[in-house]
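Nothing in this text is a laboratory measurement; each read-out follows from the coordinates by a stated rule. All of these numbers come straight from a predicted model, not from anything done at the bench. Counting neighbours? That spans all protein chains shown, and the Cβs are built from the backbone with ideal geometry, glycine included.
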Ligand code: ARG
């Protein structure tokens with residue numbers, strides 16, 4: 001059977017340039033503080049990602065990078081929005097805690113958003129994903145976000161939140177192991193989840209694109225899709241093939257420097273949903 005035709009929808013995104021990007025602390029297994037990082041190269045790679053989103057017709061907003069917050073380039077972690085309501089982040093590690101206020105200031109000064117502060121630990125779209133066609137939010141726990149935040153997000157946003165347990169420390173955020181491809185479908189790496197959560201995913205997403213270990217280690221799940229175009233790390237060649245076979249149009253982007261902090265395409269991009 002031929003793959004279905006995939007259609008794109010114009011999105012609004014929030015990014016933050018990696019002006020102060022370095023690896024000076026280690027809060028996930030990818031971060032090696034002794035490995036050299038080229039901040040200038042990170043900036044060039046990030047610019048290619050931003051330009052690709054703009055060229056695809058999406059609206060891109062920028063946060064002002066703050067000195068001393070080297071992971072602020074990972075804008076996905078700052079909040080999670082659905083239907084104009086923003087559930088704020090509350091970071092697990094003190095090194096990133098101040099990023100939440102920068103995101104909050106953006107939403108509070110941009111018209112059209114209702115900001116709900118979090119009292120529970122959660123790292124925004126790092127651990128939350130939304131599928132408009134199902135009305136469901138998916139939420140990861142096990143390493144960063146607490147399940148109490150899943151319940152708080154459900155109250156704030158008014159959509160059912162499906163809790164999924166992450167079990168491999170290399171895939172410490174949901175967005176390193178699962179990504180929406182369109183309004184109904186996802187790509188994911190089953191081995192990053194507990195057996196029960198795998199069964200939930202298999203039941204919810206029978207047509208999912210399933211990644212293998214090589215795809216996952218190349219950060220091939222850390223992707224951003226507009227429904228048709230899928231921006232993903234260039235390194236994830238196997239995922240490029242799988243996505244093409246499923247009818248999507250992969251757009252490979254090299255973010256090699258940012259991978260040294262345990263992040264790639266999706267980590268850099270927060271979607272703003274009104
Ligand atoms: N160094 C960052 C951390 O460990 C990377 C965050 C990546 N972001 C993401 N959405 N997965 O917190």
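Observations on the structure shown:
- Neighbours by Cβ (under 7 Å, 6+ apart or cross-chain): first from the stretch 103-129, free of Cβ contacts under 8 Å to residues at least 24 places away in the same chain; second surrounded by fewer than 23 Cβ atoms within 10 Å (Cβ to Cβ): 108/115
- Put simply, of 273, 170 the only residue that is in contact (Cβ under 8 Å) with a residue 12 or more places away in the chain and in a loop (DSSP other than H, G, I, E, B) is 273.
- Considering residues of the stretch 233-258 that are closer than 12 Å to residue 42 by Cβ and surrounded by fewer than 20 Cβ atoms within 10 Å (Cβ to Cβ) only, the residue nearest to the ligand (Cβ to nearest atom): 256
- Elements of type strands (runs of 3 or more DSSP E) in the stretch 100-163, at least 1 residues being within 16 Å of the ligand (Cβ to nearest atom): 128-131, 136-141
- Residue in the stretch 60-83 that is under 18 Å from residue 223 (Cα atoms) and loosely packed, with under 15 Cβ neighbours inside 10 Å present: no
- Selection within the stretch 211-230 - under 17 Å from the mean Cα position of the chain (by Cα), surrounded by fewer than 21 Cβ atoms within 10 Å (Cβ to Cβ) and outside any loop (DSSP other than H, G, I, E, B): 217, 229
- Which numbered condition residue 100 fails, given (1) within 18 Å of the chain's Cα centre (by Cα); (2) touching a residue at least 24 places away in the same chain (Cβ under 8 Å): (2)
- Here is the figure for the stretch 37-59: residues that are closer than 11 Å to residue 261 by Cα and exposed (fewer than 13 other Cβ atoms within 10 Å of the Cβ) total 0.
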